[in-house]
Amino acid sequence: MSVREAVHRDPVWRDRANFIIATAIDPGDTGVTTEQLWARMVDDRHFELCCIPFFAYDLALGDVVEVDDDYLVRRVSEPSGRYVFRVYFDRDNFGLRDEVVLELIGLGALVEWSSPKLLAVDARNATHGQEIADYLFSEENNGRLIYETGKTEP
């Protein structure tokens, strides 16, 4: 299998970042096997994430992660307390993207595009995350988008 890497073209904390690390991800339907992550070096093994993960689960903006010798994420050593959501716009709802992004930004979310159809969303804490989740749940119920959380465990 060839390696396909998801890249962050416009990380939300680009100005803080001084290093690029990566994490392995399950290729699933996307065929992507790694995701590069913009980061700020804390020391030779620890990095603060400066982007919102598009595909990797259980990582969030601001987390401090430990890496191996190949600069692949091994574990989160200091969770940031932030929450990640992924929003998918299908062909029928493609025109709603700008409206949804403006609403999310109005709610205080940070956003980062992976592709024209896939948006990563950051919430600063659990309370803010619930507010964002409520909005996304409502929009999904109205058939305007599909969303998921970036956590595999509560």
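All of the numbers you see were taken from the coordinates with simple rules; none came from a lab. Computed from a predicted structure; not experimentally measured. Positions of Cβ are backbone-derived with ideal geometry, glycine not excepted, and every protein chain shown enters the neighbour counts.
Descriptive notes on the structure:
- Relative frequency of Cα-Cα separations exceeding 23 Å in region 49-154, percent: 26 percent
- Projected label distance in nm at Leu118 and Arg14, using a 7 Å step from Cα toward the beta-carbon: 2.0 nm
- Spin-label pair Asn141/Thr127, simplified geometry with 7 Å Cα→Cβ offset, distance in nm: 2.3 nm
- Distance between the pseudo-spin-label points of Glu153 and Arg91 (7 Å out from Cα toward the beta carbon): 4.0 nm.
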